[in-house]
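A.B. asks: Below is a structure I'd like to ask you about.
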Amino acid sequence: MKRARVVFAGAIHEATPFDGKLRLSSGRLVKEDLVTWLPPFEPQTAFALGLNYADHASELSFNAPDEPLVFLKGPNTFVGHKGETERPEDVTFMHYECELAVIIGKTARNVKKEDAYDYVAGYTIANDYAFRDYLENYYRPNLRVKNRDYCTPLGPWFVDRDDIKDPMDLKLRTYVNGELTQEGSTKNMIFGIPQLIEYLSSFMTLSTGDVILTGTPKGTVNVNVGDEVITEIEGLGQLSNTIINRT
Amino acid sequence: MKKVWFKPSGHREAIVASFDQAASSLMYEGIRRNIEELQYDTIVSGTVYGTLLNFKGALAKMGESTYQEPYNKPPQAPILYIKPRNTLTSHHQPIPLPKDVDQLQIGPTLGVVIGRTASRVKKHEAHHYITGYTIANDVTVPHDSVFRPAVKHRARDGFCPIGPWIVEKESLDSPDHLSIRAWVNGKLVLENTTKNLLRSVGELLEDVTEFMTLRKGDTLLVGVPEEAPLVKANDVVRIHIDGVGLLENTIIHEFEVSQKGSDRS
């Protein structure tokens, strides 16, 4: 099953796709363009991976890391499907990052990779924008680069774990104004989902609602004000976002 | 007497009390209680953000290395990190010593608790966005390199005792000249003051909210002073900040900490 969280007529609803429309939990059918999309769940601790695809690491002139390069994100940074993300005027390079987001479904501590999927509730798409101009070499990438307001679109759907046969074999694609600019496969992650859950839970407790953004493949290009950026993952749908000016 | 908010163990909501520093007591619901008689739950409700290298002495200690690889130049913007919910704990809760390390570095610091949505705040109006102040022990596994985010060092379970209460901002003249002291097993091991912050509380709020919004209940830790001491199993760490209160925790081997203590959310 897949479900969204939407605002319709002044209230927040859970919604499922039905016949090209959205079916609210009350049973009412509404057109998609009449709702505002929220992130499909409220992220608790949010992890993101840097350099987790060998081709993207070499694109940025880095060697693939020996240990997962993990950073954290705050709740201010998430925005739903069809949301807007600001591009500051002084920035010369802002890039999208299409990423598979893995949502944790129960308390996890010292989990072995063989058991890791027992702790997964589902998946969604994340677009983990970065602003290269703001990179500094302290706890890099830092929050000014990765935790700006509304700079991490998430959605549209929370897709149940069992609906995705092999999350380690999904095509990822990004389109900027309809043109394909990024293409990869989750097959090429350096640290896959089971390894990441094993790694993180080896030193801290994960809980329901925590989420892991698993990194992005090669093909991150600069985007500008007015661009429509669609990040797509096989089986999870398409997440749309528009770049606006920050004044 | 100062107005504070605290959460007695088991209470769903924070309650208001009067803190009498001289008498070491909290007065609430008409009863005076010694502060050590009470059990406290974590008082902060939002996201806790830490700040790296915000004490002048901490940055100075890096010396010329900030001009060398991998840093290349001194930091320009505030360097932040998140202390996620699994790290948050309270007064008298054990700090688990993970089995893969034998020493921890404590991090006595002031927590600035946000009272309303703070975006693009100017330093002279920062106090309007603050509810009050608290104490945190921003514990970390010692690490020399600050090039990559230190999640594995800073985000272990129970690595952020905070509280025991939030003292209302009106009870302090200014957050920018508070003395911070720490004792390990009764011995004074650290003494510093928020006068030595690189970015004062107002400046830090201005520079952080320039790029990210802080929400009601979020807490911004102002930074850890240089020479923060190392501790080992069974050490008792006590932190005192003038006018704010005190926070005490004991380092306990992870395997000795009950599931309840290590699995708080």
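A.B. asks: R0 = 22 Å: FRET efficiency of A:L60 with A:D90, Cβ-based, nearest 0.05?
C.D. replies: Given R0 = 22 Å and the Cβ-Cβ separation, E is 0.55.
A.B. asks: Could you tell me whether the range A:105-161 comes out rounded, prolate or oblate from its Cα gyration tensor? Rule is a ≥ b ≥ c as square roots of the eigenvalues, rounded for a/c under 1.5, then prolate if a/b exceeds b/c, otherwise oblate.
C.D. replies: Details: a/c = 3.70, a/b = 1.68, b/c = 2.20.
Here the range A:105-161 falls in the oblate category.
A.B. asks: Of A:K218/B:K56; B:K152/B:K232; A:K146/B:K187; B:K122/B:K152; B:K187/B:K216, which pairs sit farther than 29 Å apart, going by alpha carbon to alpha carbon?
C.D. replies: Distance filter (> 29 Å) returns A:K218/B:K56; A:K146/B:K187; B:K122/B:K152; B:K187/B:K216.
A.B. asks: Distance between Cα centroids, the range A:189-247 to the range B:28-106: provide it in whole Å.
C.D. replies: Going from one Cα centre to the other spans 27 Å.
A.B. asks: Compute the signed sum of charges (Lys and Arg +1, Asp and Glu -1) over the other residues within less than 9 Å, Cβ to Cβ, of A:Q44.
C.D. replies: -1
A.B. asks: Moving on to the next point. Students often check this: by mean Cβ neighbours within 10 Å, which of B:158-168, A:26-36, B:242-252 ranks highest, and how do the rest follow? Let's see the in-between values first.
C.D. replies: Numbers: B:158-168: 26.5, A:26-36: 12.3, B:242-252: 20.2.
Descending packing order for the listed peptides: B:158-168, B:242-252, A:26-36.
A.B. asks: What FRET efficiency would be calculated for the residue pair B:K122, B:E13, taking the C-beta separation as r and a Förster radius of 25 Å, to the nearest 0.05?
C.D. replies: About 0.15, to the nearest 0.05.
A.B. asks: Which whole number gives the average, over all residues in B:145-156, of C-beta atoms from other chains lying within 10 Å of the residue C-beta?
C.D. replies: Mean shielding count: 6.
A.B. asks: Put one equal scatterer on each alpha carbon of the protein assembly as shown, apply the Debye formula with no solvent term, and list log10 I(q)/I(0) at q = 0.06, 0.07, 0.09 1/Å to two decimals.
C.D. replies: -0.28, -0.38, -0.64
A.B. asks: Next question, about the same structure. Excluding B:E227 itself, what net charge comes from residues whose Cβ is under 11 Å from its Cβ, given Lys and Arg +1 and Asp and Glu -1?
C.D. replies: Details: positive: B:K61; negative: B:E191, B:E226.
So the surrounding residues net to -1.
A.B. asks: Where a Cα-Cα gap under 12 Å defines reach, which aspartates and glutamates qualify for A:K31, not counting those fewer than 8 residues away within the same chain?
C.D. replies: Partners found: A:D19.
A.B. asks: So, one more: Given a Förster radius of 60 Å and the C-beta distance between B:N185 and A:I12 as r, what FRET efficiency does 1/(1 + (r/R0)^6) yield to the nearest 0.05?
C.D. replies: Computed FRET efficiency for B:N185 and A:I12: 0.70.
A.B. asks: Can you check what the net charge comes to around A:M189, using other residues whose Cβ is under 12 Å from the Cβ of A:M189 (Lys, Arg +1; Asp, Glu -1)? Don't skip to the answer; put the middle values down first.
C.D. replies: Numbers: positive: A:K187; negative: A:D55, A:E99, A:D169.
That works out to -2.
A.B. asks: Percent relative contact order of the range B:41-264, based on C-alpha pairs within less than 8 angstrom and at least six residues apart?
C.D. replies: Details: 545 pairs, mean separation 76.2, N = 224.
Relative contact order comes out at 34 percent.
A.B. asks: Counting partner chain Cβ atoms within 10 Å of every residue's Cβ in A:63-69, what's the average? The partial results should precede the final answer.
C.D. replies: Values: counts 0, 0, 1, 0, 2, 2, 3.
For peptide A:63-69, the averaged partner shielding equals 1.
A.B. asks: Please report the antiparallel percentage of DSSP beta bridges with both residues in the range A:42-245, rounded to the nearest 5. Don't skip to the end; give the middle numbers.
C.D. replies: On the way: 41 of 51 bridges.
Roughly 80 percent of the DSSP beta bridges within the range A:42-245 come out antiparallel.
Just so you know, all these numbers are worked out from the coordinates, no wet-lab data involved. Remember, it's a predicted structure, so these values are computed and weren't measured experimentally. Don't worry about glycine lacking a Cβ; one is built from the backbone with ideal geometry, like all the others, and counts go over all protein chains shown.
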